[in-house]
Structure formats: structure tokens, C-alpha cells
Amino acid sequence: MAAMNPQTELRVRTLSIHVVTWNVASAAPPPDLSDLLQLNNLNLNLDVYVIGLQEMNCGIMSLLSDTAFEDPWSSFFMDVLSPLSFVKVSSVRMQGLLLLIFAKYQHLPFIQILSTKSTPTGLFGYWGNKGGINIFLKFYGYYVSIINCHLPPHMANNDQRLEHFDRILEMQNFEAQDIPNILDHDLILWFGDMNFRIEDFGLHFVRESIKNQCYSDLWEKDQLSIAKRHDLLLREFQEGPLLFPPTYKFDKNSNNYDTSEKKRKPAWTDRILWRLKRQPQAAVHTPRLSAPHFTLFPRSYVSHMLYSISDHKPVTSTFDLELKPLVSAPLITLLPESPCTEESDLLISYSLTADFLSSPWDWIGLYKVGLRHINDYVSYVWVRDNQVSFSDGLNQVYIDISDIPETEDQFLLFYYSNNLHSVVGISKPFKIQPRSFLAEGPLDEAQPQI
């Protein structure tokens with residue numbers, strides 16, 4: 001992506017991010033997730049969804065099915081969000097853990113997926129029922145790490161929880177790749193079923209405190225809050241105020257805390273944390289260099305009692321991210337022209353920035369507005385194939401649209417960079433002009449897949 005001209009006045013942008021964490025206890029998606037996704041909140045204009053699930057159904061048959069097809073939760077979120085112009089940018093799965101990122105399509109040229117990683121910490125450190133999954137990306141030029149985790153359960157295992165927290169963090173280093181240490185990333189979003197419990201107080205006291213909405217005593221004995229008082233690194237991870245009742249453990253299909261024989265004590269097991277990069281301290285007589293503007297403001301931190309398919313209640317947090325973009329324009333500018341000499345072809349012009357390194361495996365996809373993910377193209381062309389002309393910074397190719405019925409739908413063009421593993425250019429929405437005939441000619445070459 002093109003770097004900013006130092007002489008250019010940087011404009012601060014505010015982008016809204018909605019983070020979801022939910023231990024779904026192997027349940028299928030409920031019919032309506034509007035409250036969870038804040039779809040009816042007219043005061044929100046969201047740009048990005050970050051969704052982390054734990055304890056998804058991970059039986060052998062389910063995993064085999066999810067490998068061949070999209071898992072039910074991913075499909076559900078795509079069905080709900082794609083009509084609102086959100087595209088699935090990236091995902092990673094490790095057994096019952098799932099992490100999804102959706103963004104409005106206009107942001108895609110400014111999102112570069114650098115890496116995804118799974119860190120199992122279950123049985124003997126190899127089993128993936130516990131651990132963390134991570135997506136590392138650059139967002140408008142800034143490094144962002146997103147981690148969804150599931151830490152060990154039970155009151156007595158707090159030391160083990162903290163050890164797994166540290167182990168997941170330590171594993172996020174990429175010596176062989178051009179990615180800085182995770183602690184040097186501009187933002188870390190870390191969330192999941194962290195399984196921290198409330199110490200000392202008995203079951204009756206905890207339940208009465210919840211009933212009377214007197215949470216302050218419970219905060220003092222929350223294991224994560226206690227750990228942050230003694231661990232300097234953990235203290236750097238911030239969290240919104242816990243103004244909602246503990247999210248575990250409920251009887252399924254109810255809002256009643258555990259009535260089984262075990263009668264587990266309620267706890268805030270489901271948490272959303274964040275950490276902004278430390279800025280270097282200047283010497284006393286040395287003026288401090290102004291860091292790029294990059295600040296996160298929490299707008300909400302709530303649980304959603306409406307949902308009862310699991311013994312956990314989902315937790316969400318909405319953030320405003322204020323930043324001065326470190327990139328000024330997409331690497332590729334796409335422009336659909338008019339139909340080519342044959343009426344079954346669409347001519348595409350595109351220009352490249354001087355610092356963009358193209359590849360023969362780059363491709364341009366044609367999409368209907370409302371696409372679900374990057375593989376949802378209706379036609380495509382490898383950029384070195386079907387090339388009509390090229391000159392300094394300007395190229396033209398044509399793309400086959402013979403299999404596309406005449407429609408009033410709007411379309412988009414995406415340029416996908418094989419080197420960067422990301423979309424680096426998007427056209428404005430356009431309509432394909434009606435044509436007098438439809439040529440037949442199925443695609444018989446290897447199709448690009450992400």
C-alpha cells in the first residue's frame with residue numbers, strides 16, 4: 001500500500017470495531033443474533049466485526065463436514081453480515097475454537113493478513129481443546145494481533161491458567177518472517193473463555209451479590225483482577241468495567257445459575273482485553289517524537305442475557321479506533337470499462353503504484369455486491385492472461401462474463417495479490433450493461449482459492 005507523503009496533512013479516522021466472545025457449548029446458531037451483533041442499534045456504524053467462539057461442536061463427523069464446507073456458525077454470520085456489505089476477511093479454527101474477522105468491503109485494500117496461528121495448550125501441550133488461535137494483520141499500516149483463547153477450567157487451576165496465558169503470548173513470535181514481536185504490535189485484542197473464577201466468597205454470598213447487583217466485592221476477588229495487581233505484563237492489558245452479571249454457569253435454555261448437584265459458583269469467565277503498544281520514553285532533555293495517532297476507546301462492554309443455548313452468556317465490546325492512516329491509497333486502482341469486442345467480455349483497466357510487486361498468480365475477481373468472502377467470485381482472470389495492453393502504470397485485461405445472466409445487480413472488482421495474500425484494490429460498484437446474447441464456455445482452468 002502506498003505510504004503517506006510526509007507533507008500531506010494526515011486526517012484522523014474513527015473506525016468502529018465490535019468484538020464478540022461466546023462459549024457456545026457445542027450448540028448450533030440460534031435463529032436471531034441481531035442483539036449480539038447490534039444490528040438494530042441505529043447509533044452504531046460498524047466497520048469491523050471480530051468474532052471468537054469456544055467449544056464449537058468438534059466431533060469427528062462435524063470436523064470432517066466443516067473441513068469440506070463452511071461450519072454452521074461461519075455460514076450463519078456470513079448470511080447475516082454480507083447483505084450489510086461485510087466480507088469475511090480471515091478465519092482460523094482449532095478444534096472447538098473459531099476466530100472470524102469481517103470488514104466492510106471498502107476497507108479490504110487496507111487490511112493485509114500477515115499470518116494465522118494455532119497454539120494448543122491442552123493435554124500434554126498438544127491437544128487443541130484448550131489454547132489460543134490468532135490472526136495477525138496490518139490495518140491501515142498498523143500491526144494488529146487478534147487472539148481468541150480457551151484457558152483451563154476450575155477454581156484450583158488459576159496458576160495453570162496464567163501459565164497458559166503466558167505460553168500463548170510467548171508463541172506469537174515469527175523470527176523467519178518480517179513481523180515484529182507481538183509486544184511491539186500497535187494493538188492486541190485478546191478475548192475468550194479465560195475461565196477465571198471468584199475466590200474466597202461462598203456460593204450464597206456470590207449469588208446474593210449478583211441478585212442485588214453489588215459487584216464491587218466480587219471484583220476484588222476475581223482471579224484475573226488479582227493477577228493483574230501482581231503481573232506487570234498482564235497489567236498492561238486493559239478491560240472495561242464489569243458492570244454485567246457473571247456470565248457462567250447457567251442452566252441451558254434459562255437465565256438461572258447452575259442448579260445441578262455441583263452448583264458451580266458464578267464467575268466472569270468470558271472476557272475481552274486489549275493492549276496498546278508502549279511508546280518509548282524520551283530522555284529528560286530530548287523532545288519526545290510524536291507517535292502516529294492510534295488510540296482505542298471502549299464504547300460498551302456487556303453480556304447478552306437474551307441467549308440461553310449455552311451455559312455461558314456471550315460478551316461483546318464495541319470500540320472506536322482513532323487512527324491516522326499510514327497508507328494513503330490502495331496499491332491497485334481498478335476501473336471497469338465498456339464491453340470488449342466480444343459482448344461476453346468485460347474490459348478492465350487498472351493502475352499500479354510504483355512500489356507494488358505484481359505476480360503472475362495475481363488475479364482479478366468479479367463479484368456481486370453482497371459477497372460473503374473472497375472466494376465468492378462469479379468470474380475471474382489471472383492478470384497476465386487475457387492482457388490487452390499495458391503501459392507505464394496502466395494495464396488492461398478482459399474478463400469473461402458469458403456465464404453471468406443479465407441482471408440489475410451491482411458488481412465489484414477485487415484485485416488479489418498472491419505475494420501479499422490480500423485484496424489490494426477494489427472498484428466502485430457498477431452494473432454490467434445488457435448484451436444481446438450469452439456465450440457459453442465453462443471455465444476449465446484451476447480456480448484461485450484463498
Net dipole in debye of region 228-267 [+1 Lys, Arg Cβ; -1 Asp, Glu Cβ; about Cα centre; nearest 20]: 160 debye
Region 332-431: mean projected area of Cα convex hull, nm²: 6.1 nm²
Options 165, 106, 95, ranked by Cα towards positive dipole end of region 68-194, top entry (Cβ charges): 106
Computed magnitude of the charge dipole of region 332-431 (debye, nearest 20; Cβ of K, R +1, Cβ of D, E -1): 380 debye
Under 30 Å from the Cα of residue 324 - lysines, other chains or at least 8 residues apart: 88, 104, 117, 138, 277, 428
Residue-normalised accessible area of region 13-323, given per residue in Å² at a 1.4 Å probe: 44 Å²
Over region 156-260, relative contact order from alpha-carbon pairs under 8 Å, at least 6 apart, %: 17 percent
Coarse-grained scattering of region 13-323 at q = 0.08, 0.09, 0.14, 0.15 Å⁻¹, given as base-10 log I(q)/I(0) from a Debye sum over alpha-carbon atoms: -0.35, -0.45, -1.13, -1.31
Range of Cα positions in region 75-233 per principal axis (Å), largest first: 53, 39, 28
Tail fraction, Cα-Cα pairs, region 163-234, threshold 22 Å, whole percent: 42 percent
Value in Å of the Kirkwood radius, where region 194-248 supplies the Cα pairs that are averaged: 12.0 Å
Cross-link reach list, lysines versus residue 263, counting only Cα pairs under 21 Å and skipping chain neighbours closer than eight places: 211, 221, 249, 252, 313
About the Cα centre, charge dipole magnitude for region 13-323 (Lys/Arg +1, Asp/Glu -1 at Cβ), debye: 300 debye
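The values are calculated or read from the model by the stated rules, or taken from the named source; none is laboratory data. Just so it is clear, the structure is predicted and the values come from calculations on it, not from any experiment. Every residue, glycine as well, gets a Cβ built from its backbone with ideal geometry; the counts of neighbours run over all protein chains shown. For the accessible areas, the whole protein counts, side chains as well, though only heavy atoms, and no ligand, DNA or RNA atoms are used. Shrake-Rupley method; radii C 1.70, N 1.55, O 1.52, S 1.80 Å.
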